[in-house]
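Remarks on the structure that follows.
The values are calculated or read from the model by the stated rules, or taken from the named source; none is laboratory data. These numbers were taken from a predicted model, which means no experiment stands behind them. Note that each Cβ is placed from the backbone with ideal geometry, even for glycine, and that neighbours are counted across all protein chains shown.
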Amino acid sequence: MIPNYDIPNDLIPSDPRFGCGPTLIPNETVQKLVDHGPHLLGTSHRSKAVKDLVKEIQQGLVNYFNLPSGYEVVLGNGGATFLFDAIGLGLVQKKSTHFTCGEFSNKWFKSHKLIPWIEAEEVAAEYGTGITAENRSDADMICVTLNETSTGVMVDSLPDVDEETILAVDATSGGGQVPCDLSKVDLFFFAPQKVFASEGGTFVAIMSPKAQKRALEINDSDRYIPGIMNWKTAMDNAEKNQTYNTPCISALFYLNEQIKRMNAVGYEGVIAEGNKRADFIYQWATNHPKLSCYISDQKYRSNAVATIDVDESFDVTPFIKELEQRQLVYGIGSYRKLGRNQFRIALFQAISFDDIVKLTKIIDLALK
């Protein structure tokens with residue numbers, strides 16, 4: 001069936017990239033970088049051009065999230081995995097409690113568990129189910145994953161924490177599209193290769209005054225913190241519209257262009273666009289006799305990453321390989337460690353709704 005599988009030209013997506021990360025970087029953004037390259041790429045990261053770029057990113061995120069006064073946007077090298085360690089080393093006093101529901105939230109917990117001078121507690125939900133975080137009186141940091149990339153679970157709410165507790169949110173695969181009131185969050189961090197349509201290897205950390213205070217207190221203690229993970233250093237550079245060490249300037253450029261596009265729509269507008277994509281694809285899966293939504297509880301179904309189970313009578317692996325070999329569709333396989341007969345489809349803002357509709361029709365033809 002697969003070798004003879006014909007796809008009408010009117011169903012071929014305008015862009016083949018539906019992966020959950022790294023994700024689609026719009027072609028016009030790449031072309032714009034080519035045009036700006038001689039004035040930006042290969043220049044010092046202390047130059048005015050790069051500092052202006054960092055400043056524009058910082059202000060763009062302040063505007064997009066409507067950040068409260070005193071919040072600081074910090075950028076640096078290393079993605080979310082890098083920050084898992086940096087957070088444990090430089091922002092947890094004694095204990096972090098992690099609410100986990102998949103591979104990446106669990107990875108954050110494991111990184112803290114390895115640090116001998118803090119305690120890490122895991123409150124876990126089974127993969128495919130969501131979890132609602134709550135405050136813990138004996139923890140000074142509550143760790144929540146906004147959107148679990150591996151399973152397609154998003155949080156339904158955030159807990160209220162006291163003045164001695166940091167609420168930290170890993171927003172890598174949902175930040176900017178999954179609803180989140182940042183006024184309740186002390187540390188909101190992400191690598192920008194998902195909704196923000198950039199590349200990995202960069203982090204963005206939005207810090208409340210409480211988080212900044214915690215970072216300075218720990219920095220002034222006798223705790224060992226590697227220089228590359230020093231939060232005071234990162235914060236000092238952020239105030240100067242810089243990163244501590246040389247960043248990937250192209251990633252910053254892509255991030256800034258996507259922030260500008262998202263600001264043109266507005267946070268609520270981007271959320272609404274994500275909800276439209278999600279409503280469509282979950283309804284499609286619910287109505288199809290050979291498909292079902294992996295996340296059964298609707299309140300936990302992500303508007304950024306959709307996981308759709310497929311009846312065992314149809315093996316998705318050769319079908320996905322065929323689409324990739326024809327350069328028609330990339331990145332719709334399930335998370336590798338999950339090992340399910342499943343489609344995992346990004347619903348990020350840069351991916352057009354029309355292309356998602358076309359993708360479902362391509363799948364429909366194969367499932368007949």
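Key figures for this structure:
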| quantity | calculated |
| --- | --- |
| 2 or more residues surrounded by 20 or more Cβ atoms within 10 Å (Cβ to Cβ): qualifying strands (runs of 3 or more DSSP E) within region 52-151 | 72-77, 95-100, 141-145 |
| Residue satisfying all of: in region 156-190; under 13 Å from the mean Cα position of the chain (by Cα) and aliphatic (A, V, I, L, M); nearest to THR202 (Cα to Cα) among these | ALA171 |
| Check on LYS321, part of a helix (DSSP H, G or I), closer than 18 Å to ARG17 by Cβ and of a type in the set (Lys, Arg) | yes |
| Among (1) modelled with pLDDT of 90 or more; (2) among the β-branched types (Val, Ile, Thr); (3) assigned to a loop (DSSP other than H, G, I, E, B), the one test that ILE2 misses | (1) |
| Of the criteria (1) in contact with a Lys or Arg (Cβ under 8 Å, 6 or more places away or on another chain); (2) over 30 Å from SER352 (Cα atoms); (3) not in a helix (DSSP H, G or I), which one THR23 fails | (2) |
| Which numbered condition ASN303 misses (of (1) in a helix (DSSP H, G or I); (2) surrounded by 15 or more Cβ atoms within 10 Å (Cβ to Cβ); (3) touching a helix residue (DSSP H, G or I) at 6+ places or on another chain (Cβ under 7 Å)) | (1) |
| Test for PHE343: is it modelled with pLDDT of 95 or more, among the aromatic types (Phe, Trp, Tyr) and not in a helix (DSSP H, G or I) | yes |
| Any hit, region 59-79, residues being more than 23 Å from ASP160 (Cα to Cα) and acidic (Asp, Glu) | no |
| The lone exception for GLY266 - which of (1) within 21 Å of LEU67 (Cα to Cα); (2) crowded, with 20+ Cβ neighbours inside 10 Å; (3) small (Gly, Ala, Ser) it fails | (2) |
| From the options GLY130, GLY60, residue that is over 23 Å from TRP231 (Cα atoms) and touching a residue at least 60 places away in the same chain (Cβ under 8 Å) | GLY130 |
| Residue within region 203-224 that is touching a Leu at 6+ places or on another chain (Cβ under 8 Å), within 24 Å of GLY42 (Cα to Cα) and either touching a residue at least 40 places away in the same chain (Cβ under 8 Å) or in the same structural domain as ASP170 (by TED's automatic domain parsing) (or both) present | yes |
| Qualifying residue in region 244-256 (condition: farther than 30 Å from PRO38 by Cα and either surrounded by 16 or more Cβ atoms within 10 Å (Cβ to Cβ) or assigned by TED's automatic domain parsing to the domain that holds ARG17 (or both)) | no |
| Pairs where the first residue, in region 29-41, is surrounded by 13 or more Cβ atoms within 10 Å (Cβ to Cβ) and the second is among the basic types (Lys, Arg) and at pLDDT 95 or above, C-beta under 9 Å, 6+ apart | THR29/ARG261 |
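For (1) hydroxyl-bearing (Ser, Thr, Tyr); (2) farther than 22 Å from LEU167 by Cβ; (3) out of contact with any Phe, Trp or Tyr (no Cβ under 9 Å at 6 or more places or on another chain); (4) not assigned by TED's automatic domain parsing to the domain that holds TYR244, each residue gets a yes or a no:
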position	(1), (2), (3), (4)
VAL54	no, yes, yes, no
PHE82	no, no, no, no
VAL92	no, no, yes, no
GLY102	no, no, no, no
LYS107	no, no, no, no
ALA125	no, no, no, no
GLY128	no, yes, no, no
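Yes or no, residue by residue, for (1) in contact with an Asp or Glu (Cβ under 6 Å, 6 or more places away or on another chain); (2) in a loop (DSSP other than H, G, I, E, B):
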site	(1), (2)
GLY174	no, yes
PHE188	no, no
LYS194	no, yes
SER198	no, yes
LYS210	yes, no
GLU217	no, no
ARG223	no, yes
